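Report on one structure; see the data block that follows.
The values are calculated or read from the model by the stated rules, or taken from the named source; none is laboratory data. Nothing here was measured: the structure is a model prediction, and the numbers come from that model. Note: ideal-geometry Cβ built from the backbone for every residue, glycine included; neighbour counts use all protein chains shown. These accessible areas exclude ligands, DNA and RNA; they are computed on the full protein's heavy atoms, side chains included. Shrake-Rupley method; radii C 1.70, N 1.55, O 1.52, S 1.80 Å.
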Amino acid sequence: MASSLPPRSSYQKKENAGLARREMGYRSTPRRNVLSALNNGEANGGTPADGGGAAGGAAEAAPVIEFSGREDVERLLAEKMKGKSKNDFKGRVDQMSDYIKKLRACIRWYIELEDAYLVEQEKLRGAMDSENARHTELETQLSNAIEELKAANLDLTRRCESLEESFNKEKSEKLIAMESYEKEKHERESAESSRDVLTVDLERVTHDAKRFSEQLKMVQDTNKRLQEYNTSLQQYNSNLQADASKSGETISKLQKEKSAMMETMAILRESNSSMGNQLESSRVSQQEAIRVKEELRKEVECLRVELKQVRDDRDHSVIQLNSLNIELTNYKEEIGKTSKECESFRTKVSKLEETCNTQQEQIQTFQKQLAVATEKLKLADVTAIEAMTGYEEQKEKIKYLEERLAQAESQIVEGDELRKKLHNTILELKGNIRVFCRVRPLLRFDGDSNGSEGASISFPTSVESTGRAIDLINQGQKLSFSYDKVFDHNASQEDVFVEISQLVQSALDGYKVCIFAYGQTGSGKTYTMMGKPGIDQKGIIPRSLEQIFKTSRFLESQGWNYSMQASMLEIYNETIRDLLVPGRSNGFEMTPNKQYTIKHDPHGNTTVSELTIIDVFGITDVTSLLEKASQSRSVGKTQMNEQSSRSHFVFTLKISGSNENTGQHVQGVLNLIDLAGSERLAKSGSTGDRLKETQSINKSLSALSDVIFAIAKGDDHVPFRNSKLTYLLQPCLGGDSKALMFVNISPEASSVGETICSLRFASRVNACEIGIPRRQTQARSFDSRLSYG
């Protein structure tokens with residue numbers, strides 16, 4: 001075998017070309033043409049009458065005939081016996097034996113060609129087996145890597161459990177210290193009261209005062225140690241925030257890589273379409289080559305018929321020439337013939353010779369045309385084979401690109417899943433319930449507050465407290481509070497939304513998210529949640545919806561399809577009112593007999609019977625609904641606020657998403673709540689209906705605090721049913737749900753009592769751990785990173 005297989009890694013680019021070369025010329029040595037072997041006998045032997053034996057001898061002495069391609073086989077099959085009379089059995093037998101020898105040579109050639117194909121098939125099978133072995137080895141390596149990753153994950157889980165145990169231990173120590181502090185505080189108060197009663201015994205009072213001063217020093221030392229411990233925890237939290245920012249950068253890099261992959265996918269699709277066009281053109285050229293081949297084959301058949309006719313004419317002329325030569329000899333023997341007759345016969349002979357020469361020239365011309373046609377046919381076959389080779393190459397390349405495209409799409413899906421997990425992990429580390437504080441700026445009509453009184457609120461500037469703490473001076477006593485985030489009076493609506501945008505993203509990822517504003521009436525809750533007309537004045541609700549619709553449209557390119565439903569209600573005096581019901585205006589509902597019942601299914605989904613639910617497709621739909629709801633909400637005038645919200649406003653957006661490419665389904669809920677303002681009856685001056693409203697508002701807010709504290713303590717019974725508000729928000733206050741409380745406070749000195757109550761309530765909520773403990777977990781994780789570093 002002269003041919004050899006090319007490497008498999010080139011997508012078998014030359015396989016079809018090699019088969020074509022083997023078919024057109026199986027051996028590298030020159031081949032003998034079958035037609036030349038057939039014509040040698042006639043050319044060497046002359047006429048059949050005197051050269052038949054010579055032709056038979058030449059056929060027997062001829063070398064073994066070899067075949068160079070399919071054309072020689074077709075010529076052999078098309079060959080017909082000629083030049084022998086019916087009675088010349090010996091000549092016919094010789095021709096038949098010659099023909100049988102050629103058939104045997106043809107069969108041997110086919111057997112050798114088949115053996116060559118079998119050898120190449122075995123080589124291809126060996127190459128395929130080696131590729132399979134290599135793929136098996138790669139799969140083994142991947143399985144080993146997966147096992148190593150699982151072992152590392154198990155190790156990290158164990159470390160996390162040990163950190164949680166350490167955290168619980170420190171928490172118990174902190175509780176013991178706080179109990180001792182409270183105990184000492186009660187003892188100091190009892191000492192002061194006994195000093196007032198026993199003023200007669202001055203020496204005893206002096207002694208008690210010294211003793212209590214010593215105890216006060218001990219308490220101050222304990223308080224100092226607790227402050228240092230709180231400072232270290234805040235430092236750990238800031239370090240974790242830095243890590244979270246790094247994770248955000250990593251997520252942004254993944255998103256950039258994702259966009260680059262999408263561009264690559266578009267380029268690959270364009271390349272695929274161009275390759276399809278090239279494939280179509282190659283098919284057209286192949287069909288054209290096949291048509292030309294058929295035309296050339298028909299032309300060759302015509303030339304063969306003409307050649308046969310010319311040969312018959314030549315044989316007839318040769319016979320006539322022989323007969324004339326015999327007659328000429330007879331005339332020469334006849335003495336009585338005249339010279340004129342001889343001249344005439346000579347003239348005829350010369351004409352016949354000219355005719356024979358002309359016919360010989362025509363035969364040579366036809367032979368040249370036949371050779372040219374054969375070459376054209378070979379070129380057409382080569383062109384067809386090259387077109388098939390190019391088609392196979394394009395097919396392999398398209399298959400490779402499709403595999404790359406599928407791999408890129410798989411990487412995009414895995415990257416999106418990793419982003420969701422990292423995003424959820426960051427939010428869980430920050431806490432499933434978080435507390436933000438926002439201070440309203442002083443307004444022009446805050447007449448009872450001058451500059452010095454307004455300066456009773458300050459913000460620490462230390463590294464660990466910047467943006468996380470607030471100080472309040474009341475009657476010369478300084479009160480310090482710290483939260484997850486503190487916004488001063490200069491913070492804009494954009495600054496506030498940037499901090500909660502990640503929480504809004506969790507709703508699109510399939511989690512239940514609840515954001516509510518708490519505080520006294522007139523502290524800016526409605527402004528924080530709803531805002532005012534204008535781009536810079538928009539509140540949390542419109543900005544959150546803009547982000548959700550923008551992100552959902554972006555995810556459509558990855559195969560995600562989202563549907564959203566909005567509902568708006570208010571809870572007024574423990575009664576649910578539908579703000580989107582047709583015909584409602586100015587707080588009055590046209591169909592007051594509707595029974596709005598809150599129901600929870602086993603999957604944690606909440607529904608309110610007979611509540612109006614509207615499908616929304618863009619921010620314009622939601623904006624019109626918000627305007628309608630704001631006009632229908634219950635408001636009233638009190639001594640503390642001209643436009644005081646007298647009900648709890650609850651905006652609910654249900655998000656359902658599905659991905660046809662990956663088969664994923666998510667269902668998230670976003671609850672945005674503007675709570676009614678808390679107020680003291682003595683200060684608000686409420687009477688009649690306003691008194692009833694105030695009592696209902698304070699009762700529901702108290703029920704909300706009871707629920708949060710019960711969940712934080714892990715009580716078996718959580719009083720969700722004590723209020724319509726808490727029962728409605730039951731699925732959003734536990735499990736893997738995310739909750740955020742905005743505590744809004746007023747800066748004027750006349751509201752310092754309400755401000756202290758709001759800040760203390762927010763601090764108690766901030767100390768609660770619902771879901772995964774965040775602050776101690778952050779500290780322990782930072783310690784573990786230091787130890788490993």
Inset, instruction - Please verify whether region 502-522 includes one or more residues that are hydroxyl-bearing (Ser, Thr, Tyr), open to solvent by less than 50 Å² (accessible area, probe 1.4 Å) and modelled with pLDDT of 90 or more. - result: no
Legend entry - Flag for Leu377 being in contact with a Cys (Cβ under 8 Å, 6 or more places away or on another chain) and of a type outside the set (D, E, K, R): no
Legend entry - Residue identified as touching a Ser or Thr at 6+ places or on another chain (Cβ under 8 Å), at pLDDT 75 or above, over 17 Å from Leu401 (Cβ atoms) and open to solvent by less than 50 Å² (accessible area, probe 1.4 Å) among Ala289, Ala242: Ala289
Inset, instruction - Being small (Gly, Ala, Ser) and at positive phi is the filter here, so list the residues in region 456-512 that pass it. - result: Gly467, Gly476, Gly510
Inset, instruction - Just need a number here: residues in region 485-501 that are in contact with a helix residue (DSSP H, G or I) (Cβ under 9 Å, 6 or more places away or on another chain) and at pLDDT below 90. - result: 2
Inset, instruction - Kindly indicate whether Ala260 is part of a helix (DSSP H, G or I), modelled with pLDDT of 75 or more and open to solvent by less than 60 Å² (accessible area, probe 1.4 Å). - result: yes
Inset, instruction - Please find, among Lys368, Lys340, Lys308, Lys298, the residue that is open to solvent by 90 Å² or more (accessible area, probe 1.4 Å) and over 28 Å from Ala78 (Cβ atoms). - result: Lys340
Inset, instruction - Would you check if there is a residue in region 419-428 being of a type outside the set (S, T, N, Q) and modelled with pLDDT of 85 or more? - result: no
Inset, instruction - Would you mind listing the helices (runs of 4 or more DSSP H) fully within region 684-778 where at least 1 residues are within 24 Å of Cys514 (Cβ to Cβ) and modelled with pLDDT under 80? - result: 689-713, 752-767
Legend entry - Selection from region 721-734 of residues that are open to solvent by 60 Å² or more (accessible area, probe 1.4 Å) and out of contact with any His (no Cβ under 7 Å at 6 or more places or on another chain): Arg721, Asn722, Lys724
Legend entry - The listed residue being under 59 Å from the mean Cα position of the chain (by Cα) and exposed (fewer than 13 other Cβ atoms within 10 Å of the Cβ), out of Arg104, Arg125: Arg125
Inset, instruction - Tally the residues that are in contact (Cβ under 8 Å) with a residue 12 or more places away in the chain and either open to solvent by 20 Å² or more (accessible area, probe 1.4 Å) or farther than 16 Å from Asn766 by Cα (or both), restricting the search to region 472-483. - result: 7
Legend entry - Search result, residues across region 63-99 that are among the hydrophobic types (A, V, I, L, M, F, W, C), at pLDDT 75 or above and open to solvent by 80 Å² or more (accessible area, probe 1.4 Å): Leu77, Phe89, Val93, Met96
Legend entry - Restricting region 523-544 to residues that are of a type in the set (Lys, Arg) and open to solvent by less than 30 Å² (accessible area, probe 1.4 Å), the residue that is modelled with the lowest pLDDT: Lys525
Legend entry - Candidate set from region 737-753 (those that are over 30 Å from Ser172 (Cα atoms) and open to solvent by less than 20 Å² (accessible area, probe 1.4 Å)); member that is nearest to the chain's Cα centre (by Cα): Asn744
